[in-house]
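J.: Structure below; questions to follow.
The values are calculated or read from the model by the stated rules, or taken from the named source; none is laboratory data. Please read all numbers here as calculations on a predicted model, not as lab measurements. Glycine gets a Cβ as well: all are built from the backbone with ideal geometry, and neighbour counts include every protein chain shown.
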Amino acid sequence: MTTQSKRRSSLPYVLVLPAVLLFVLFILAPGVYAVLLSLQQRKVSGGLLGTGSKVVWAGLDNYRAVLADHELWSSALRMIEVGAITVPLTIGLALLFALLLDTARARFTRAARLLIFLPYAVPGVIATLLWGFMYLPATSPIGGDHVNYFSPAGVYAAVANIAVWGAVGFNMVVIYTALRALPPEIYEAARMDGSSELQIALRIKVPLVLPAITMCTLFTVLASAQLFNEPNTLKPLSNAISSTWVPLMKVYTDAFVNSDIYSAAATSVVLAVVALAVSFVAARVVSSRVAGVKR
């Protein structure tokens with residue numbers, strides 16, 4: 001093999017090396033460290049005075065405690081309830097905007113795409129602070145004293161609204177890109193057969209971009225499972241949001257407020273396993289949908 005051939009064969013490995021290093025440093029290594037921490041505990045010694053402590057091997061004790069923690073299950077239920085609002089609204093609005101922008105009569109599509117996508121570019125904490133001031137009765141231009149956005153029931157919609165507002169733009173771009181990749185001859189043939197724009201959208205466009213819609217749904221579900229910025233930022237403004245309102249807030253509280261990094265690590269590992277399971281199932285669904293569309 002010549003020197004030039006060797007360089008060409010090694011070029012792909014050189015190109016992916018930075019990505020592999022970043023994956024190892026910021027995902028794989030922290031994950032392994034979290035697993036090691038989750039198998040340990042800190043035991044206090046010295047009797048009632050508790051003058052000393054040491055780290056001991058705990059095995060699966062932390063995982064048993066995590067799975068038996070009612071507060072964790074309650075926080076997971078609240079996360080699911082917010083996700084039940086966020087996921088359908090996000091995907092539904094993203095699909096609606098993408099279909100409207102892809103119609104033959106659409107005007108100012110570039111400006112519209114930018115305006116819809118712009119909220120995604122705003123950092124989540126900043127967006128939550130802005131919405132927080134809009135929710136406060138003293139400063140709210142949307143309801144004033146007549147609507148309590150921070151009530152035990154209203155806070156779910158308040159948090160979900162912020163999540164939807166920030167995620168619709170990204171999903172719209174993904175679906176709109178998939179729509180633009182479809183051959184226009186399909187639409188022309190449908191119009192010649194007398195199909196309306198609504199029929200073309202529902203019977204042709206939506207089935208053909210179903211893989212993109214499914215992928216966006218997967219991303220949105222995973223984002224809902226990582227809900228943290230919105231409720232944590234709104235917590236000082238609402239008594240309805242506790243320090244363990246969602247699972248990641250509980251992890252943060254255990255690790256940095258209660259100084260129990262071992263229990264927090266076990267909870268993190270459990271959440272990561274659940275997220276991987278959801279990703280695996282969703283990926284299988286996406287593959288089956290793509291295969292069905294191709295057939």
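J.: Does the stretch 231-248 hold any residues that are within 15 Å of the chain's Cα centre (by Cα) and more than 13 Å from Phe150 (Cα to Cα), and which are they?
T.: Hits for the stretch 231-248 are Val246, Pro247, Leu248.
J.: So, one more: Return the residue satisfying two criteria in turn: it lies in the stretch 135-172 and is part of a loop (DSSP other than H, G, I, E, B) and polar (S, T, N, Q), and of such residues it is nearest to Ile85 (Cα to Cα).
T.: Only one residue tops the list, namely Ser151.
J.: With modelled with pLDDT under 90, over 30 Å from Leu60 (Cα atoms), within 18 Å of the chain's Cα centre (by Cα) and assigned to a helix (DSSP H, G or I) as the only criterion, which of Val286, Val281 stands out? Talk me through it step by step, then tell me what you get.
T.: Values: Val281 fails: over 30 Å from Leu60 (Cα atoms).
Going through Val286, Val281 in turn, the sole match is Val286.
J.: What number goes with the only condition from (1) without any contact (Cβ under 8 Å) to a residue 40 or more places away in the chain; (2) touching a Phe, Trp or Tyr at 6+ places or on another chain (Cβ under 7 Å) that Leu130 does not pass?
T.: Among (1) without any contact (Cβ under 8 Å) to a residue 40 or more places away in the chain; (2) touching a Phe, Trp or Tyr at 6+ places or on another chain (Cβ under 7 Å), the lone unmet condition for Leu130 is (2).
J.: Being surrounded by fewer than 20 Cβ atoms within 10 Å (Cβ to Cβ), in contact with a Lys or Arg (Cβ under 9 Å, 6 or more places away or on another chain) and assigned to a helix (DSSP H, G or I) is the filter here; which residues of the stretch 220-261 pass it?
T.: Selection gives Ile261 alone.
J.: Got a sec? Which of Arg107, Arg113 is of a type in the set (D, E, K, R), free of Cβ contacts under 8 Å to residues at least 40 places away in the same chain and more than 17 Å from Val274 (Cα to Cα)?
T.: Criteria check complete, one pass: Arg107.
J.: Now for a different question. Go over the candidates Val246, Val278 one by one and state the one that is closer than 17 Å to Gly83 by Cα, in contact with a Ser or Thr (Cβ under 6 Å, 6 or more places away or on another chain) and not basic (Lys, Arg).
T.: Sole residue among the options that is closer than 17 Å to Gly83 by Cα, in contact with a Ser or Thr (Cβ under 6 Å, 6 or more places away or on another chain) and not basic (Lys, Arg): Val246.
J.: Also, I was wondering about something else. Report, ordered by the first and then the second residue, all pairs with beta carbons closer than 9 Å, sequence separation of six or more or different chains, a first member in the stretch 148-162 that is crowded, with 16+ Cβ neighbours inside 10 Å and of a type in the set (Ser, Thr, Tyr), and a second member that is modelled with pLDDT under 90 and in a loop (DSSP other than H, G, I, E, B).
T.: Tyr149/Leu136; Tyr149/Pro137; Tyr149/Ser140; Tyr149/Ile142; Tyr149/Gly143; Tyr149/Ser238
Every residue, every condition in (1) more than 12 Å from Thr267 (Cα to Cα); (2) touching a helix residue (DSSP H, G or I) at 6+ places or on another chain (Cβ under 7 Å); (3) at pLDDT below 95; (4) not hydroxyl-bearing (Ser, Thr, Tyr), yes or no:
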{"site": "Pro30", "(1), (2), (3), (4)": "yes, no, yes, yes"}
{"site": "Gly46", "(1), (2), (3), (4)": "yes, no, yes, yes"}
{"site": "Thr51", "(1), (2), (3), (4)": "yes, no, yes, no"}
{"site": "Leu77", "(1), (2), (3), (4)": "yes, no, no, yes"}
